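Inspection log for the structure reproduced underneath, given as structure tokens.
The values are calculated or read from the model by the stated rules, or taken from the named source; none is laboratory data. Bear in mind that the values here come from a model prediction, so they are computed numbers and not experimental data. FYI the Cβ positions are ideal-geometry reconstructions off the backbone, even for glycines, and counts take in every protein chain you see. Heads up: the accessible areas ignore ligands, DNA and RNA and are worked out on the full protein's heavy atoms, side chains in. Shrake-Rupley method; radii C 1.70, N 1.55, O 1.52, S 1.80 Å.
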Amino acid sequence: MQIEILYCGVCHSDLHYTRNEWSDGMPAVYPAVPGHEIVGRVVAVGKNVKKFKEGDIAAVGCMVMSCRTCVNCKAGEEQYCNNEWTLTYGSSDHILGGTTYGGYSDAITVDQNYVLRIPNGLDPAGAAPLLCAGITTYSPLHHWGVKKGQKVGIVGLGGLGHMGVKFAKGLGANVVLFTTSPGKSADAVRLGADEVVISKNADEMAKHANSFDFILDAVSADHDMNAYLNLLKLDGTLTLVGAPEKPLSVKAFNLLMKRRRLAGSAIGGIRETQEMLDFCAEKGIVADIEKINIDYINAAYERLLKSDVKYRFVIDMESLKKS
Ligand code: NAP
Ligand code: ZN
Ligand code: ZN
């Protein structure tokens, strides 16, 4: 089915990828068209498309195909497909050949099984970031069973982090936001944080030692994981969703003591993504966005590098037609 793209969110992964910062894991293929937070209007459907019709508002996230036969695909965890997995951009295109191109574009054609429905009532521009920032934070909070009364940390108030705060609060957790940007404190509280810690302040960090059930680390750049591992209580888990360019160093004793766990998580499955969108519609949750035109994209990337995003850039694709 073909979708005319209305909005596409700007994920820090787009920046990592286009600048080839993930050269040893996911090397960039040029020319590259990034963008995996896509919301648009269905403009054409093939004869076998039953789930959507022309005119529907539909969405595409980080993947557009998987094998559908491996154990993970069958379990609805297509993001962990053991075989041929096709990312929205930068993957081998098993249907057309060549490389897949993402959402900084006017249109995209995707198999109906990898297209999401945007429920009525969700603002399409604000919903776009849910397709990556949303599901990437919703999925681990659910997988690790975050619940009412637990103490949960979110590290980094960017695109992912601000969704993490909203979801963790929605689950009833006691949410502590860790930031390097003191200027974001008031926003963090408005978004749902019960407490804000300036992570550069060692005394403030020390007050929280051995106290967290769960910490979600959504930082895009090199930083000290040990400072956060030390904040976990017995059997606590630190889950990494940020994907910095350089390897992270972990002191063994910070894991051994208190039997702590360090884990990772990548986006979420299609079924879970739809569940998250429906949940957001029910609760009125969308991303806090700054709408931009396509010709602002390089400036937006520079602002991402300065942690100056409130809290997701979303490209209005109408601007592509005009540029
Ligand atoms: P973003 O909007 O740029 O936010 C990143 C935040 O990290 C910044 O706003 C800043 O928050 C903090 N930060 C930046 N540099 C830092 C540093 N040197 N030390 C400590 N904190 C720093 O990025 P995003 O789009 O949310 O993405 C975050 C990361 O997740 C990226 O690496 C991205 O590639 C990755 N990602 C992973 C998945 C997945 O499936 N696992 C999916 C999407 C994205 P403060 O100002 O609050 O400190
Ligand atoms: Zn992303
Ligand atoms: Zn598979």
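Data overview
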quantity: Full-extension gain in nm, Asp194 to Glu318, via 0.36 nm per residue minus C-alpha separation; calculated: 40.8 nm
quantity: Filter on Lys47/Lys322; Lys169/Lys306; Lys74/Lys246; Lys169/Lys246 - keep pairs with C-alpha separation over 29 Å; calculated: Lys47/Lys322; Lys74/Lys246; Lys169/Lys246
quantity: Shape category assigned to the range 128-199 from the gyration tensor of Cα positions, a/c cut at 1.5; calculated: oblate
quantity: Nitroxide proxy distance, nm - points 7 Å out along Cα→Cβ at Glu84 and Leu171; calculated: 3.5 nm
quantity: Whole-number percent relative contact order across the chain, with pairs defined as alpha carbons under 8 Å at least 6 apart; calculated: 19 percent
quantity: Fraction of accessible area attributable to carbon and sulfur, the chain (%, probe 1.4 Å); calculated: 52 percent
quantity: Rounded if a/c under 1.5, otherwise prolate or oblate - the range 139-248, Cα gyration tensor axes; calculated: rounded
quantity: HN-Hα J in Hz across the range 66-76 - Karplus 6.51, -1.76, 1.60, θ = phi - 60°, x for Gly and Pro; calculated: 8, 6, 6, 10, 6, 4, 6, 4, 5, 7, x
quantity: Neighbour net charge for Ser319 - beta-carbon separation under 13 angstrom, K R +1, D E -1; calculated: -1
quantity: Calculated [θ] (222 nm, deg cm²/dmol) that DSSP helices of n ≥ 4 give over the chain, each run adding -39,500 (n - 2.57); calculated: -7000 deg cm²/dmol
quantity: Gyration tensor (alpha-carbon) shape descriptor, the range 1-116, a/c threshold 1.5; calculated: oblate
quantity: Val43 long-range amide H proximity, modeled H, under 5 Å; calculated: Gln2, Ile3, Glu4, Gly55
quantity: Sequence-separation-based contact order of the range 123-237, relative, with Cα cut under 8 Å and 6+ spacing, percent; calculated: 25 percent
quantity: Per-residue HN-Hα couplings for the range 120-129 [Karplus 6.51, -1.76, 1.60; θ = phi - 60°; Hz; x = Gly/Pro]; calculated: 4, x, 8, 4, x, 6, x, 7, 3, x
quantity: Relative contact order (%) - criterion: Cα under 8 Å, at least six apart; region: the range 54-168; calculated: 22 percent
quantity: Solvent-accessible area per residue for the chain (1.4 angstrom probe, square angstrom); calculated: 44 Å²
quantity: Label-to-label distance, nm, for residues given as Asn298 and Leu96 (7 Å Cα→Cβ offset); calculated: 2.7 nm
